[in-house]
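Structure, as structure tokens:
Read the figures in this text as sums done on the coordinates, not as results from a lab. Note that the structure is predicted; figures quoted are calculated from it, not measured. Heads up, the Cβs are rebuilt from the backbone with ideal geometry, glycines too, and the neighbour counts pull from every protein chain shown.
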Amino acid sequence: MFWTTLTALFSLFSRLYPRGRIEHEPLRLQFELRHQHAVSPDAHIVFADIPQVPTSAFTKGYEATYSIATKRLSAFRPPSFPAHEAARIRSMRHAQSTDLPWYEDDIIGPDVEDRETLLELAKMTNNAYVTPDDAAWYALEDDWHDRYPFGWEPDADGIRGYVFATPDNGTVVLSIKGTSTAIWGSGGPTGKKDKLNDNLLFSCCCARIDWTWTMVCGCYRGGWKCDQTCLGQALAEEGLFYPIGTNLYANLTYMYPKANIWITGHSLGGALASLLGVTFGVPVVAFESPGERLAATRLHLPSPPSTHHVTHVYHTADPIAMGTCNGILSSCALGGYAMETKCHLGKSIVYDTVSNLSWAVDVRKHGIVSVIDDVLSRPWQASSDAGREVPVAEPEVDCMTCYWTDMVCDKECFSWEFGEFPPELVDHVE
């Protein structure tokens, strides 16, 4: 009788709650704006606290928080950042790999299958471009802003963004600004440094398009040859965004030692978010990012067992994210940007705006405001018809043959030869 009753109860439980699918309301987290972050003139990471929204803001229709749905996911973390950095330097200087003992961690991350979650993260990402008293700021009252810290001053030049946190400081979101340029938005004081990082990270070789271009590093060796050791060293210089980003993350963990950290960004900021997410094993949502997989190899980032905690969100009318904004007559090249990569790490959620919305491919669609207003702010019909809120997040199949340890993917920079080439190979008569 006991076993019959137990079997019946187990059968009932199995029908109501299939294994691995116990139904419950998704956990939603509320985030508040806490800090601006920037880089001081002497290259130190600085933070400025943001005052809380006054009660009067609620009566004006402003939102005080961002609400984000979550889900559990797995991420792989290195034993420590010093161990990760030692392995990276060993690979860069001696071409020797190190087997890091990666630790799989079950963590709470953003639910990237939820449209509203992507929309809220996109708003956080947009806000990294502007101050809270700017009309372009999404869903926050202008009283949140009281002063400019270093890096937000009118003549500043460097990486910057915001920090959002839950009321209990249990989860923190780091947003990072992307490229500021008149091509896809208003320019600004960070434009010069942004362009330098874009041309280092996303060109095949130091922005060598033809003889008329001013190269951003000295790694070109003539005749479609590029010195790969030189490239790695150029990307790792202290004043560039990846090493600054690792310092920024370290400072944030010091401020919030027990917090679960997420990173988000748009364009160049999204690529940097992805590289940091792979370095530290934290969830990332990147919007309209150029392909950063090749940059990861040039930085000699140790390869974790999986990068699926990194999610890219972009649409097919954006030639930068699609990797088609290249060639001497492209919009990017005409603006002085050598955007020659296309392959992304992790998984990608791709909105086919060309087929579903009849959009023309246009660099002006690269901006995050277009993503917020025209893609994420309303249900996506193609996904709704399939019983989903957003397109499926999948690895990029056409880039799967781009192995982590290779310098060149078969889909990008295939005409270049990378290796150890002495400087005297440069053809000075080109």
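From the phi angles alone, apply the Karplus equation (6.51, -1.76, 1.60; θ = phi - 60°) to region 293-300 and give each ³J(HN,Hα) in whole Hz, x where the residue is Gly or Pro.
Working through the residues one at a time gives 4, 5, 4, 4, 5, 6, 7, 6 Hz.
Estimate the FRET efficiency between Leu334 and Ile108 by the formula 1/(1 + (r/R0)^6), using the beta-carbon distance for r and 45 Å for R0, to the nearest 0.05.
Calculated transfer efficiency: 0.55.
Label-point separation (nm) for Asp210 and Val369, each offset 7 Å from Cα along Cα-to-Cβ?
It works out to 3.4 nm between the two label points.
Sort out for me the Cα centre separation of region 238-314 from region 71-135, rounded to whole Å.
One Cα centre to the other: 4 Å.
For Ser377 and Leu27, calculate 0.36 nm times their separation in residues minus their Cα-Cα distance, and state this gained length in nm to one decimal.
Full extension of this stretch gives 123.9 nm more.
Magnitude of the Cβ-charge dipole of region 269-413, K/R +1 and D/E -1, about the Cα centre, nearest 20 debye?
220 debye
Please go through region 235-315 and write out the trypsin sites (Lys or Arg not before Pro) that DSSP classes as loop and that have at most 16 other C-beta atoms within 10 Å.
When the trypsin sites (Lys or Arg not before Pro) of region 235-315 are filtered for loop state and at most 16 Cβ neighbours within 10 Å, Lys258 remain.
What are the ³J(HN,Hα) values, in whole Hz, obtained from phi via the Karplus relation 6.51 cos²θ - 1.76 cosθ + 1.60 with θ = phi - 60°, for each residue of region 376-386 in sequence order, with x given for Gly and Pro?
Using θ = phi - 60°, the values come out as 8, 7, 9, x, 8, 4, 4, 6, 4, 4, 9 Hz.
Given R₀ = 30 Å, what would the calculated FRET efficiency be for Ser97 paired with Glu394, taking r from the Cβ atoms and rounding to 0.05?
That gives a FRET efficiency of 0.60.
Please go through region 234-335 and write out the GluC sites (Glu not before Pro) that DSSP classes as loop and that have at most 13 other C-beta atoms within 10 Å.
Glu237, Glu238
Applying 1/(1 + (r/R0)^6) with R0 = 30 Å to the Cβ-Cβ distance of Lys192 and Ser67, what FRET efficiency is obtained, to the nearest 0.05?
According to the calculation, E is roughly 0.20.
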